[in-house]
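Peer 1: Take this structure first; my questions come after.
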Amino acid sequence: MGVIFLDNAATTPLEPRVREEMIRMMDNFGNPSSTHLSGRGAKVEVEVVRKRISKILGAESGEIFFTSGGTEADNMALFCSVRDLGVKRIITTTIEHHAVGHPIEFMVERGEVQVQYLTLNEYGDIDLVELENLLKNGPKTLVSLMFSNNEIGNLYPVAQISTLCQKYAALFHSDTVQAMGHLPINVKDVHYDFLTCSAHKIHGPKGIGFVYVKSGLKVKPFIQGGGQERNLRAGTENT
């Protein structure tokens, strides 16, 4: 008897076409940072995928940065906002993924930022009036709210959240790991400052993801080392 897998919110099986591409790329072993033929070939492959992703999102290719997954992408958005962009307060909920909740708690414990949690109703939904009232006053703020909850499945009104953030000059980060590939996401339609994704939730391999960083945000390297990912995230790319 075959197995029926019903836990796609945790991970998804690898799509056969993805498997074929991965096998093909194993023969293209060049380091994308190398300037010889093998390296340049690998670099082209990376940039082709970056352009595909940016086209789907309505973004510029220079706004897409590859990471080791959604957790690193979320950490990058949160830590860089506080360290580099002057964020002193984060507005979020108590039911965000641990990749968001734990980094915030870490920075709060270190006295680097304050956090305010939105009230949730019995369905896990937020109150936009409460969000606006919080945004009316306070220091430089990052609003970090996921697009779709990974446990209860509710969808947050990201377009309205984004509008409020713009109105009160707050930054907006959304963990779209559970929504990417299932719901329309376009950065031209909804203003995001940071948007994060993980491949293994959409039938890709584990260990790869990306963060969208809106052009113009002056963030410093999150991982020190080489100059990969336009100096934002060091480390040989996972081709």
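Peer 1: So what's the convex hull volume per residue for the Cα atoms of the stretch 1-64, in Å³? Intermediate results must be reported in sequence, preceding the final value.
Peer 2: Numbers: hull volume 8.5 nm³, N = 64.
Cα convex hull per residue, to the nearest whole number: 133 Å³.
Peer 1: Moving on to the next point. For the stretch 105-201, what does the alpha-carbon gyration tensor say about shape, rounded, prolate or oblate, given a ≥ b ≥ c as the root eigenvalues, a/c under 1.5 as rounded, and a/b over b/c as prolate? Before the final figure, lay out the partial values.
Peer 2: On the way: a/c = 1.44, a/b = 1.35, b/c = 1.07.
In terms of gyration-tensor shape, rounded.
Peer 1: May I ask for the distance between the Cα centers of the stretch 15-36 and the stretch 202-238, given as a whole number of Å?
Peer 2: 18
Peer 1: Expressed as a rounded percentage, what relative contact order does the stretch 17-213 have, with Cα pairs under 8 Å and six or more residues apart? List each step's numbers first, then the result.
Peer 2: Values: 322 pairs, mean separation 46.7, N = 197.
It rounds to 24 percent for the stretch 17-213.
Peer 1: Continuing with the same structure: Let me have the 222 nm mean residue ellipticity of the chain computed from DSSP H runs of 4+ only, each contributing -39500 (n - 2.57), with the sum over all residues rounded to the nearest 500.
Peer 2: Helix-only estimate at 222 nm: -10500 deg cm²/dmol.
Peer 1: Of all trypsin sites (Lys or Arg not before Pro) in the stretch 113-202, which ones are in loop regions per DSSP and have a Cβ with at most 14 other Cβ atoms within 10 Å?
Peer 2: On the way: sites: Lys136, Lys140, Lys167, Lys188, Lys201; in loops: Lys140, Lys188.
Answer in residue order: Lys188.
Peer 1: Related question: So if I take the centroid of the Cα atoms in the stretch 45-114 and the same for the stretch 167-196, what is the distance between those two points in Å?
Peer 2: Each part's Cα centre sits 11 Å from the other's.
Peer 1: Identify the trypsin sites (Lys or Arg not before Pro) of the stretch 1-89 meeting these criteria: DSSP loop state and at most 14 other C-beta atoms within 10 Å of the C-beta. Each step should come with its number before you reach the end.
Peer 2: Numbers: sites: Arg17, Arg19, Arg24, Arg40, Lys43, Arg50, Lys51, Arg52, Lys55, Arg83, Lys88, Arg89; in loops: Lys88.
Hits after loop and neighbour filter: Lys88.
Peer 1: Here is a further query. Would you work out the Kirkwood radius for the stretch 34-132? I mean one over the mean of 1/r across all pairs of different Cα atoms, in Å.
Peer 2: On the way: mean 1/r = 0.0612 Å⁻¹.
16.3 Å is the Kirkwood radius here.
Every read-out reported here was derived from the displayed coordinates using simple, explicitly stated rules and does not represent laboratory data. Fair warning: this is a prediction, and the values are worked out from it, not measured in the lab. Methodologically, a virtual Cβ is constructed for each residue, glycine included, from the backbone with ideal geometry; neighbour enumeration extends over all protein chains shown.
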